[in-house]
Amino acid sequence: MSIKNHYYYDEDKCEFIPIEYKRREQIIYNLAIWILNGVVIAGLGIIILSTKIGTPTELALRAENDALFEQLELTKDTIVELDSKLAEIADRDNEVYRSILGLAPIEEDERQVGVGGSDPYSDFDMYSESTAELLRWTSERLDKLERKIGIQNLSFEELKHQYNANKEKMSHIPAIKPGSGILLSGFGMRDHPILGYRRPHNGLDFRADIGSPVYATGDGRIKYAGRQGNLGRIVIIDHGFGYETVYAHLSAFENGIRSGAEVKRGQQIAKAGDSGLAEGPHLHYEIRLNNRHVDPLYYLFADTSPEEYMIFKQISETNTKSLD
């Protein structure tokens with residue numbers, strides 16, 4: 001870009017005379033024009049970017065907020081999973097521990113106790129709708145989890161007190177697995193593998209090879225050791241307090257296992273087998289309380305982890321066929 005001509009009026013000649021600029025002055029002029037245009041364009045660009053996109057600080061904060069929002073979304077999944085596991089513990093607490101120790105179950109509405117009064121999460125309403133909703137959901141579920149855990153801790157303290165007050169009874173209650181095998185079939189109506197029709201299955205079937213050890217599940221006295229119909233060789237233990245256990249399809253009895261003999265929890269009393277009417281070797285195990293069959297699954301609490309218990313429970317609920 002060159003400097004445009006400028007003129008001055010020469011009164012003597014009565015005409016306009018053009019002003020001549022040196023080369024250096026033209027270069028300086030051109031640079032000044034380009035720099036000025038660049039500053040103006042850059043300024044306009046910064047204004048547009050700040051308005052439409054945001055300043056660098058705003059962009060950094062926005063990226064940080066997006067990362068936090070994503071992390072909170074992941075935290076939701078963890079909270080849901082923890083809530084589900086706590087519900088499983090609560091179910092087992094009611095169905096097993098409190099039932100066996102003679103304590104009343106904790107009602108669901110008591111475990112789900114809420115917070116009354118004004119909205120404790122109203123401060124989140126100042127944020128965007130999606131952020132406010134996520135923060136409200138997360139805070140509410142965490143508060144509920146905290147209250148549920150508090151109630152469960154109180155229940156465990158009550159169980160501990162009850163156990164200490166009934167230690168003799170607890171040593172007699174059947175509370176361990178009768179063998180080392182995994183559960184194959186549960187309690188309730190099942191299809192009989194040999195008779196071919198559906199009928200009550202009064203116990204649990206555990207995987208067991210012929211000759212594998214069978215253990216007494218609680219302290220007691222041998223009530224019967226011999227053969228009994230379709231169950232083949234069986235052992236019946238009277239544990240007192242209304243409890244009896246039955247171990248069936250055995251291949252042999254341990255020495256000294258006869259009517260009247262005293263046994264301790266965890267003592268080997270027999271060897272597994274396939275005697276009687278059974279589809280292959282396994283251990284059939286029953287619990288009777290006051291002459292009524294109960295689900296032995298609820299009594300596997302002394303040597304069964306929560307994870308193993310949930311696996312057994314799933315097998316019991318989904319397998320519709322027994323082995324005897």
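Each value in this text was obtained by applying a stated rule to the coordinates, not by laboratory testing. Given the structure is predicted, the values throughout are model-derived calculations rather than measurements. Here Cβ is always computed from backbone atoms with ideal geometry, including for glycine, and neighbour counts include all displayed protein chains.
Quick look at the numbers
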item: Cut-off 15 Å (backbone N to label point 7 Å along Cα→Cβ of GLN152), residues of the stretch 71-93; result: 78-93
item: Computed FRET value (nearest 0.05) for TYR163 with GLU108, which takes r as the C-beta separation and R₀ as 22 Å; result: 0.35
item: Separation of alpha-carbon centers, the stretch 273-308 and the stretch 133-206, rounded to whole Å; result: 14 Å
item: Gain upon complete extension [ARG258, ASN319; 0.36 nm per residue less C-alpha separation]; result: 18.5 nm
item: Residues SER139 and ASN290, FRET efficiency given R0 of 45 Å [Cβ-Cβ distance, rounded to 0.05]; result: 0.40
item: Added length on full extension, which subtracts the Cα-Cα distance from 0.36 nm per residue, TYR224 to MET310; result: 27.7 nm
item: Charge dipole (debye, nearest 20) of the stretch 183-318; +1 at Cβ of Lys and Arg, -1 at Cβ of Asp and Glu; result: 440 debye
item: Candidates per GluC sites (Glu not before Pro) in the stretch 104-209, loop by DSSP, up to 15 other Cβ within 10 Å; result: GLU107
item: Inter-site label distance for GLN71 and GLU129 at 7 Å from Cα along Cβ, in nm; result: 2.7 nm
item: Likely footprinting exposure, ASP77, ASP83, fewest C-beta neighbours within 10 Å first; result: ASP77, ASP83
item: Unsatisfied cross-links (Cα-Cα over 28 Å) in the set LYS160/LYS223; LYS85/LYS223; LYS85/LYS160; LYS160/LYS264; result: LYS160/LYS223; LYS85/LYS223
item: In the stretch 149-241, chymotrypsin sites (Phe, Trp or Tyr not before Pro) in a DSSP loop with at most 11 other beta-carbon atoms within 10 Å; result: TYR197
